[in-house]
Amino acid sequence: MKRIECFKVMADLAGDALVVTGAGGNTVEWYACRPGDGNFRVRTMGLVSSIALGIALGLPHRQVVAIDGDGSLLMNLCSLPTIARKNPPNLTHVVLDNEVYEASGEIDTATGGGTDLVGMARAAGIRRASWAGSPDELRTVFSQALEGGDAAFIGLKVETSRSEVPPYPMDEVENKYRFIRHVEKTESMNILSMPMPVSFLKD
Amino acid sequence: MADHPGPAMIVEGLKEAGVDLVATLPDINLHALLERVAADPDIIHVPLCREEEGIGICTGGYLVGKTCALIMQNGGLFNSVNGIVSTLLQYNLPLLLLVYFAGDVGDRSFSTNGAMTQPVLNALGIRHFVLRDPDEARTLIKRTQVLTQDYKRPVAVLLTKDVLGRRRPGE
């Protein structure tokens, strides 16, 4: 499968889910398919699923999707047992497995040598873990995952081709503020208020 | 040492500071503190397998309005450095780090960890405060939480055996 075909299916179903993406092609191709401030790009390799887990635990009624890569997940495999332990029903962890460190010169990852990430997720205790082998299968498992119940893990074998998409339109700090303001607005909550100046305070 | 006042004072300080999500990884000297964190119904407790994932989990919590803390040994601080640099520092994110100061003076283990803890924090620009007296725990934790929110950078409290409770009297 092409990565962007998968993203088109997911964007169609994701609604207002908060989406966390990693470095490399995933972020820009996802953003092209579903632009907006409900997207957070991660810069630390491996931390996509951990940041998504924190969001899912903090907002248990909101769907959260982690869009991960094989190299990234392999760097933070301990995220799988931690997700399994908390089992947030609103978290869907999608891994696009192209079997290479694509953003680092297409050197093979361990998945090309037979490491099965869905098998690892299941063995870690994530009960709802499966491969989707086609866009139609992805449509089925992703929509089931968004219905909740248990944390879900979806593996997708994808090609290493990149699509023609625009660059990511903001830096890390702007992404942080836009994401937080989006959460404030869509959840009617206040996250970033500053204290009143002391001269306004009454004893 | 269940009766040592430090762990209860630390948890009180966390709650008074508004902390409601705490990620942890055990050390024997953190045992009493982590039991209290895990048992507290007002705190979402996330037990970790490796400390750096806690940087990510606390980042996610912060983005949706949680007030987070990460409790770990100083070895875990060293495990977390990439996450601290390329997430917390890169995005200007606050986070209260409660770090067991293994290898501190009067602590007969991990003396190399003890020697490197403050130099590493200094290199990262992370302000840090050593907590020895249980009576200072509540105030220091509240103040460091305000500081990290204001500074938009992580701030560390170094937890010594004196505040966590010594397992052997006179050690």
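Since every read-out is calculated from the coordinates, none of them should be taken as a lab result. Computed from a predicted model, the values in this text were never measured in an experiment. Positions of Cβ are generated from backbone atoms using ideal geometry, with glycine treated the same way; all protein chains shown enter the neighbour counts.
Table for the structure above
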quantity: Positive-end extreme of charge dipole, the range A:3-200 - chosen from A:144, A:103, A:59 (charges on Cβ); calculated: A:59
quantity: Cβ-based exposure ranking for A:198, A:20, in which fewest neighbours within 10 Å come first; calculated: A:198, A:20
quantity: For chain A, size of Cβ-based charge dipole, Lys and Arg +1, Asp and Glu -1, in debye; calculated: 600 debye
quantity: Separation between Cα centres of the range A:175-189 and the range A:1-20, rounded to whole Å; calculated: 20 Å
quantity: Candidates A:103, A:132, A:52, ranked by Gaussian network fluctuation over chain A, Cα under 10 Å, top entry; calculated: A:103
quantity: Separation of alpha-carbon centers, the range B:45-67 and the range A:40-82, rounded to whole Å; calculated: 10 Å
quantity: Cross-link partners of residue B:15 among aspartates and glutamates (Cα-Cα below 17 Å; sequence separation of 8 or more within a chain); calculated: B:35, B:40, B:42, B:135, B:136
quantity: Global form of the range B:16-107, assessed from the alpha-carbon gyration tensor, a/c cut-off 1.5; calculated: oblate
quantity: Tail beyond 17 Å, pair distance distribution of the range B:31-171 (Cα, percent); calculated: 59 percent
quantity: Partnerless cysteines, meaning none of the other Cys C-beta atoms lie under 4.7 Å away, in the protein assembly as shown; calculated: A:6, A:33
quantity: Gap separating the Cα centres of the range B:108-171 and the range A:134-167, nearest whole Å; calculated: 43 Å
quantity: Chain A - convex hull of the alpha-carbon atoms, volume per residue in Å³; calculated: 134 Å³
quantity: Cα-derived Rg over Rh, computed across the range A:123-203 with Rh taken as Kirkwood radius; calculated: 1.19
quantity: Within chain B: Cβ-based charge dipole about Cα centre, in debye rounded to nearest 20 (Lys, Arg +1; Asp, Glu -1); calculated: 300 debye
quantity: Among B:59, B:157, B:123 - extreme Cα towards positive end, dipole of the range B:27-171, charges at beta-carbon; calculated: B:123
quantity: Links that overshoot a 18 Å alpha carbon limit, given the list A:8/A:176; B:66/B:152; A:185/B:66; calculated: A:8/A:176
quantity: For residues of B:41-51, the mean tally of beta carbons on other chains within 10 Å; calculated: 4
quantity: Within the range B:53-151, trypsin sites (Lys or Arg not before Pro) in DSSP loop having at most 12 other beta-carbon neighbours inside 10 Å; calculated: B:108
quantity: Shape of the range A:79-143, Cα gyration tensor, a/c cut at 1.5; calculated: oblate
quantity: Relative exposure of A:61, A:93, B:128, B:45, judged by other C-beta atoms within 10 Å (fewest first); calculated: A:61, B:45, B:128, A:93
quantity: The protein assembly as shown: C-alpha gyration tensor shape, a/c 1.5 cut-off, then a/b vs b/c; calculated: prolate
quantity: Cα centre as origin, Lys/Arg/Asp/Glu Cβ charges: the protein assembly as shown dipole, Debye; calculated: 520 debye
quantity: Least to most buried among A:130, A:79, A:199, A:161 (fewest other Cβ within 10 Å first); calculated: A:199, A:161, A:130, A:79
